[in-house]
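Report on one structure; see the data block that follows.
The values are calculated or read from the model by the stated rules, or taken from the named source; none is laboratory data. The structure displayed is predicted, hence computed values, not measured ones. Heads up, the Cβs are rebuilt from the backbone with ideal geometry, glycines too, and the neighbour counts pull from every protein chain shown. Accessible surface is based on the protein model in full, side chains and every heavy atom, while ligands, DNA and RNA are left aside. Shrake-Rupley method; radii C 1.70, N 1.55, O 1.52, S 1.80 Å.
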Amino acid sequence: MNVKATIAVHGGAGSLGYFIDEGHRRKYLSGLVNAVNAGLEAAKRGNALDMVVEAVTVMEFDGSYDAGKGSVLNLYGEVEQDAGVMWGKDLSVGAVASVKHVVNTIRLARLVMEKTDHVLITGDGAEELAKQFGLWVPSTELINENKINRYKSLIRNLRSRYEKNTYLARKLGLLGTVGAVALDRDGNLAAATSTGGTILKWPGRVGDSPIPGAGYWAENDVCAVSATGIGEFIIRAMASFRVATLVRGGVRINDAVKQVVDYVTKLFGPGNIGLIAIDSSGNVASAFNTEAWVGHGAGRIWVGSLLPTCQVTHSHETTKCL
Ligand code: ASP
């Protein structure tokens, strides 16, 4: 088989309040382009798994997203990341949860897939694996002054005005998880998702991102999916697997992601999910029910052009932000 290698990435779904300033917004958008380029570069020598891992790695090191270096802080002011990767050829999965001392978390997830007999490793065990493979870094690599200041002000506000500021924490926190889906030249599909989780989450809380079927899914001849949003809803909807089930049943990828977003919205309300997906022919689709994409409260034109889903196809060498 010789198909066109294609990759799509996302940088989270949520509110524009996530951006600290214009510089942050620009860096965020250019990071998406860098990620797809890294994925396509990987396609020259590797497979779809290499493509999604390389793309997500770029976003983890970028610092603009809620993943890797940019991961938001939990209720205790610590970084706790989750990540998962899946190889559609044989349904191999590798995932880690509650990881505090790693920037390149998606690579650690891949190590779980390739170097252990397990699917998901959490906490200290995952940290130990990171040490063994040279991925462990001190927390100073992940926590900076900006994050501490933001954390302190959120905590202050949460104490004094709980309801309004829970909303605020949500508004500020829900964007920036990263994910990628890819199809390689041999027709293999892969998916990867990496996150610092939701801001001010309870320590030890695990979201959808490391859970196969929830935060990601890849299955050859069907599709690959990466999700972002509020993990508690995405897990309960098994959103990524649900997309795959629809596609397997003959629904087109575009309709499948839309149907699942509608399903989640109907069950849990709006503002909680974004999906990207690719099918076995390389068709890419995305659907969101969050503020940034439906333009709620922000009908400004740049909101429309912000959609952080970029697709680059190998033969055309062009980058298109959907
Ligand atoms: N889904 C992630 C979680 O709940 C967060 C996100 O996508 O922004 O941990």
With charges only on Cβ, +1 for K and R and -1 for D and E, what is the dipole size of region 1-50 about its Cα centre, in debye, rounded to 20? 140
Roughly how many nanometres apart are two label points built 7 Å out from the Cα toward the Cβ at Val3 and Glu78? 4.2
Take Glu141 and Asp90, extend 7 Å from each Cα along the Cα→Cβ direction, and tell me the distance between the two endpoints in nm. 3.0
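Heavy-atom accessible area per residue, region 1-123, 1.4 Å probe: how many Å²? Walk me through the numbers on the way to the answer.
Numbers: 4170 Å² over 123 residues.
Here the residues of region 1-123 average 34 Å² of exposed surface.
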How big is region 232-284 by the Kirkwood estimate over distinct Cα pairs, in Å? 11.2
Could you check the simple spin-label distance between Ser30 and Leu267, using points 7 Å along Cα→Cβ, in nm with one decimal? 4.0
Sorted peptide list for 230-241, 120-131, criterion being average Cβ within 10 angstrom, highest first: 230-241, 120-131
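Let me spell out the model: positive unit charges on the Cβ of Lys and Arg, negative unit charges on the Cβ of Asp and Glu, origin at the Cα centre of region 14-129. What dipole size does that give, in debye rounded to 20?
Working: 11 positive and 17 negative charges, 90 e Å.
Dipole of region 14-129, to the nearest 20 debye: 440 debye.
Taking 0.36 nm per intervening residue step and subtracting the Cα-Cα distance, what contour gain separates Asp21 from Lys152 on full extension? Write down the numbers at each step before the final one.
Numbers: separation 131, 0.36 × 131 = 47.16 nm, distance 1.89 nm.
Using 0.36 nm per residue and subtracting the Cα-Cα distance, I get 45.3 nm.
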Suppose R0 equals 25 Å. What FRET efficiency, 1/(1 + (r/R0)^6) with r the Cβ-Cβ distance, do Phe61 and Gln259 give to the nearest 0.05? 0.10
If you place +1 on the Cβ of every Lys and Arg and -1 on the Cβ of every Asp and Glu, how big does the dipole about the Cα centre of region 174-234 come out, in debye to the nearest 20? 320
Quick one: which of 77-83, 139-145 comes out on top by average Cβ neighbours within 10 Å, and what's the full order, highest first? 77-83, 139-145
